[in-house]
Amino acid sequence: MNGLETTTITVEVSMTRGMLFHLTGLADTAVRESHDRIKAALANNGFKMPTMDITVNMAPADIRKEGSSFDLPLAIGILAADNKVPADELRNYILVGELGLDGKLQPIRGALPIAIRARAEKYKGLIVPSQNIHEAAVVNNIDVYGMDNLTDVVNFFNGTCHFEPTVIDTRREFYLQQSHFPLDFCDVRGQENVKRALEVAAAGGHNLIMIGPPGSGKSMMAKRLPSILPPLSLSESLETTQIHSIAGKLDRDSGLISQRPFRSPHHTISQVALVGGGNSPQPGEISLAHNGVLFLDELPEFNKSTLEVLRQPLEDRHITINRAKYTLSLPCSFMFVASMNPCPCGYYGDPTHNCVCTPGQIQRYMNKISGPLLDRIDIHCEIQAVPFAELSQMQPGEPSAVIRERVIKARNIQTERFRQLSSGSGREGDAVHCNAQMTERMLHEFAEPDAASLDMLRMAMERLKLSARAYSRILKVARTIADLAGSEKVETMHIAEAIGYRSLDRGDWAERGI
């Protein structure tokens, strides 16, 4: 596997007189060590390693083979060459699995993309370890068998035991799990302005940052954001599940991911862990958050160079990593949500605590986040700690289900808008699913402000010294606010609210109270 792309490897086994074992085809250490695992597994399952000169080739020979998932096809290939398994039927199946010394099959990564590849190449069936069966059986129109050990696989090909392919009602399982969230916005008291900002962000897929003192509820509300996002479509779920599959992040006995992912890495994360790559190419956190939320808590605590690598993925929603030995391409269309304190001590502008930071310290703290990165964040939301009078109220807040209905309604408006744009014309609307992804041409077509709104925008641009990118972000957010209000046109009040979400663009931010 290279990203979401998979290549079928053919295992060829030849035997002649002799006593040696040769393995060719650019195999790494884990594959070369399979000889000892296979020898022990065969012995512990009633078979004997042939006393012959065995040559194994893994074709195409110019592709590097990594990992232990080749153990099973290597073992079956050796048994077939020794006439212990009929060889003719093997060409109809793809086999993957790591062998234990007792012959048990151990789970592997990437069972889902492998199953998709097997179906695309019109194989009759796929044999995987039983722990991966729910993941692989998501793919229809191919027989998927989950096996416990090497003996089961041998009996399957010899016809001495009957095995039924696993069938899963994917749609039923998928839709049953879509609406069960452990966290709900009804637990949040007060903070209505922040809830509104999160609703706007969810409705348009906008990036958001929350600024406020410790204990004001930034992390609490961010963790509840997936509960108001629109449900995943089957195609989105399949793509998301593939990424988690190749990263080995799927729970055992789980099928499709039915809820949008929420990733919250620690601030000590490295650049490679964030964007992907490494000696053995793996998806990073931005790809694991694909179709979901990437939440960075305490944003200024992250390494500045690590944050800067987010700039290109936030724009392109796709990451390509070029290294000497490989090129890795992965999707990373995610909502970027961040939180931060307003100053090093955390209490700048808080009416209940005295801030001990100087303006210079506050400015240096804010400078840890570059202007280009802030430009890519559509909504800046300031938060105050909830007063005791609101916190002690027994009446719960508005539940996530109610907010989600409004978000889904706004997203449906956007889906229809971009469908009409792309239908029959092959235009760029095919790749756009929400307002945050609109191009400049679409902004002129769908979010063009009237004369009064244009005057307001001009004044904001001059006073706040906004960039052209910030101007586009304001129009995108205003378009989302209009969609939530059911308005066909972007009006002055929508522009005004969108401008209010650009707090950090104000040059005097570090010199005033929140």
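The values are calculated or read from the model by the stated rules, or taken from the named source; none is laboratory data. Predicted model, so just to flag it, every value in this text is computed and none were measured. When we count neighbours, we look across all protein chains shown, and the Cβ atoms used for this are built from the backbone with ideal geometry, even at glycine. Side chains are part of the model used for accessible areas, which takes the heavy atoms of the whole protein and leaves out ligands, DNA and RNA. Shrake-Rupley method; radii C 1.70, N 1.55, O 1.52, S 1.80 Å.
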Check on V167, free of Cβ contacts under 8 Å to residues at least 40 places away in the same chain and β-branched (V, I, T): yes
Criterion (at pLDDT below 95 and buried (at least 22 other Cβ atoms within 10 Å of the Cβ)) met by exactly one of L112, L150, L176, L99: L112
Among the candidates P342, P331, residue that is farther than 17 Å from S503 by Cβ and not hydrophobic (A, V, I, L, M, F, W, C): P331
Residue list for region 1-10, filter: open to solvent by 40 Å² or more (accessible area, probe 1.4 Å) and at pLDDT below 95: M1, N2, L4, E5, T7
Residue list for region 28-59, filter: open to solvent by less than 70 Å² (accessible area, probe 1.4 Å) and among the acidic types (D, E): D28, D53
Given (1) open to solvent by less than 20 Å² (accessible area, probe 1.4 Å); (2) of a type in the set (A, V, I, L, M, F, W, C); (3) touching a residue at least 60 places away in the same chain (Cβ under 8 Å); (4) over 30 Å from A470 (Cβ atoms), number of the condition C186 does not satisfy: (1)
Region 83-94 residues that are open to solvent by 60 Å² or more (accessible area, probe 1.4 Å), paired with ones that are part of a loop (DSSP other than H, G, I, E, B) (beta carbon under 7 Å, 6 or more apart): K84/F47
Residue under evaluation A460, criteria (1) over 13 Å from Q414 (Cα atoms); (2) without any contact (Cβ under 8 Å) to a residue 12 or more places away in the chain, criterion not met: (2)
Residue within region 343-359 that is closer than 25 Å to L288 by Cβ and either among the hydroxyl-bearing types (S, T, Y) or at pLDDT 90 or above (or both) present: no
Flag for V194 being over 23 Å from P399 (Cβ atoms) and touching a helix residue (DSSP H, G or I) at 6+ places or on another chain (Cβ under 9 Å): no
Condition met for I54 (part of a helix (DSSP H, G or I) and touching a strand residue (DSSP E or B) at 6+ places or on another chain (Cβ under 9 Å)): no
Neighbours by Cβ (under 7 Å, 6+ apart or cross-chain): first from region 146-160, under 16 Å from V128 (Cβ atoms); second open to solvent by 40 Å² or more (accessible area, probe 1.4 Å) and in a helix (DSSP H, G or I): F157/E89
I369 at pLDDT 80 or above and either touching an Asp or Glu at 6+ places or on another chain (Cβ under 8 Å) or closer than 30 Å to D187 by Cα (or both): no
Count of region 330-373 residues which are surrounded by fewer than 17 Cβ atoms within 10 Å (Cβ to Cβ), touching a residue at least 24 places away in the same chain (Cβ under 8 Å) and part of a loop (DSSP other than H, G, I, E, B): 5
Residues located in region 155-203, provided they are under 22 Å from L484 (Cβ atoms) and β-branched (V, I, T): V188, V194, V200
Matching entry among A120, A111 (being of a type in the set (A, V, I, L, M), in contact with a helix residue (DSSP H, G or I) (Cβ under 7 Å, 6 or more places away or on another chain) and closer than 20 Å to I9 by Cα): A111
Residue check, I383 in contact with a helix residue (DSSP H, G or I) (Cβ under 7 Å, 6 or more places away or on another chain), under 22 Å from A197 (Cβ atoms), open to solvent by 30 Å² or more (accessible area, probe 1.4 Å) and modelled with pLDDT of 85 or more: no
Whichever residue in region 301-329 is part of a loop (DSSP other than H, G, I, E, B) and at pLDDT below 90 and, among such residues, is surrounded by the fewest Cβ atoms within 10 Å (Cβ to Cβ): A324
Hey, V31 under 34 Å from the mean Cα position of the chain (by Cα), in a strand (DSSP E or B) and modelled with pLDDT of 90 or more or not: no
Pairs where the first residue, in region 122-139, is touching a residue at least 60 places away in the same chain (Cβ under 8 Å) and the second is in a helix (DSSP H, G or I) and open to solvent by 20 Å² or more (accessible area, probe 1.4 Å), C-beta under 7 Å, 6+ apart: V138/T170
Matching residues in region 276-290 - criterion: being open to solvent by 20 Å² or more (accessible area, probe 1.4 Å) and modelled with pLDDT of 95 or more: E285
Some residue of region 64-81 being surrounded by 17 or more Cβ atoms within 10 Å (Cβ to Cβ), of a type in the set (F, W, Y) and over 23 Å from T16 (Cβ atoms): no
Single residue of R506, R469, R479 found to be closer than 15 Å to I379 by Cα and modelled with pLDDT of 90 or more: R479
